[in-house]
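I have placed the structure first, in the form of structure tokens, so that the comments after it can refer back to it.
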Amino acid sequence: MSRASLNVTQLRGGLPETRHPISARLWQDGRVAWQVGEDVESFWRSASKPFQLANSLAHLPAEVVARLDDIDLSMGAASHNGEPGHTERVAALLQGFGLAVECLQCGAHLPSHEATARTVAVASPLHNNCSGKHTFMLAACQARGWDLDYRPLAHPLQAANHALIDELAGVHHGAAVDGCSIPTFFGPLSAQARAWGALAGAMADGEGTLARIGWAMQRQPWYMSGTSRLDLAVVEQAPEPMACKIGAEGLFCIAVPGRRMGLAVKAHTGSTEALAVGVRAVLEELGLPLGGEWHWSRVRNVRKATVGERVASWA
């Protein structure tokens, strides 16, 4: 049964400090089968990466796509930490495509992984969390003879991305510029759940590019996320196979192939910690409880002492 509301409250010393409304939509059997909160509109941000990768692969020669393994595909859908295993794999992909790091249009930032960031003097585009996706976009443009500056919305690759997202989600999306300089799409939570339901269905059927991408993300989750990341924790602690992806500003999407189910969860405040607690609560409500420790439930100070907690409450 659907719920009216879900909130994650941050308690410090037992006193309420911050309240984070959570919305979610479950797509199953061709409809929204369960929901909580508003059908909020938001940008997909990185939650679109499996579909953007599928579009890039559609523009590469079939023999090239056939040679890619699960790690390659997981990297292509990644918001990675910039750890050595991530950057080395992206560098290998670029070399395999005969492309230079300087051709990536994502820009450079320090690794998200703190220990790795301390070892990096100058950030490279390889460290950008989106460098895997950009590598495949660049390779697709090279294969098609398109402009290698693939950032504009009017670019043939981005126009095809937009069309694919609209088709899978069943609505027309607005667009703006993402953090990595390419278009990101804007639409309702229910549409995001529908698209991820399509991914779950493809995985269940086991055929086609989307199926390969989804199972690669499920089998090699570290490569599409990294150490201590929410995506990794959900896949590793799930009671059955799942593919999932975080999007910036509090969006999280999940495909559950065994149930042909797509789920989209949004923390209205954009808090990753509140989102993590909300995702766990929603999955438990749906009969998919996550096992193991959930460090996002704890509020810690600079000395790493636990000084509070984040709790989910339903209505």
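Since every read-out is calculated from the coordinates, none of them should be taken as a lab result. Given the structure is predicted, the values throughout are model-derived calculations rather than measurements. Every residue, glycine as well, gets a Cβ built from its backbone with ideal geometry; the counts of neighbours run over all protein chains shown.
Between residue 236 and residue 119, the contour length at 0.36 nm per residue exceeds the alpha carbon distance by 39.3 nm. By the count of neighbouring beta-carbon atoms within 10 Å, fewest first, 242, 1 end up ordered 1, 242. Between residue 148 and residue 9, the FRET efficiency estimated from the beta carbon spacing at R0 = 51 angstrom works out to 0.60. Which FRET efficiency value, to the nearest 0.05, is calculated for residue 300 and residue 181 with the Förster distance at 41 angstrom and r the Cβ-Cβ distance? Calculated transfer efficiency: 0.75. For the stretch 142-232, a simple Cβ point-charge model (Lys and Arg +1, Asp and Glu -1, everything else neutral) yields a dipole of about 200 debye relative to the Cα centre. Computed from label points 7 Å out along Cα-Cβ, the spacing between residue 228 and residue 67 is 3.8 nm. Rounded to the nearest 500, the 222 nm mean residue ellipticity of the chain from helices alone is -11500 deg cm²/dmol, with -39,500 (n - 2.57) taken per DSSP H run of at least 4 residues.
Potential lengthening of the chain between residue 272 and residue 108 amounts to 56.8 nm, from the contour at 0.36 nm per residue minus the alpha-carbon distance.
Given +1 at the Cβ of Lys and Arg, -1 at the Cβ of Asp and Glu and no other charges, the dipole of the stretch 27-179 around its Cα centre is 240 debye to the nearest 20. Of the residues 209, 91, 314, the one whose Cα sits farthest toward the positive end of the charge dipole of the chain, with +1 on the Cβ of Lys and Arg and -1 on the Cβ of Asp and Glu, is 314. Ranked by how many other Cβ atoms sit within 10 Å of their own Cβ, fewest first, the residues 43, 136 fall in the order 43, 136. Per-residue Karplus couplings for the stretch 116-121, computed as 6.51 cos²θ - 1.76 cosθ + 1.60 with θ equal to phi - 60°, are listed in order as 5, 4, 5, 9, 9, 7 Hz, Gly and Pro entered as x.
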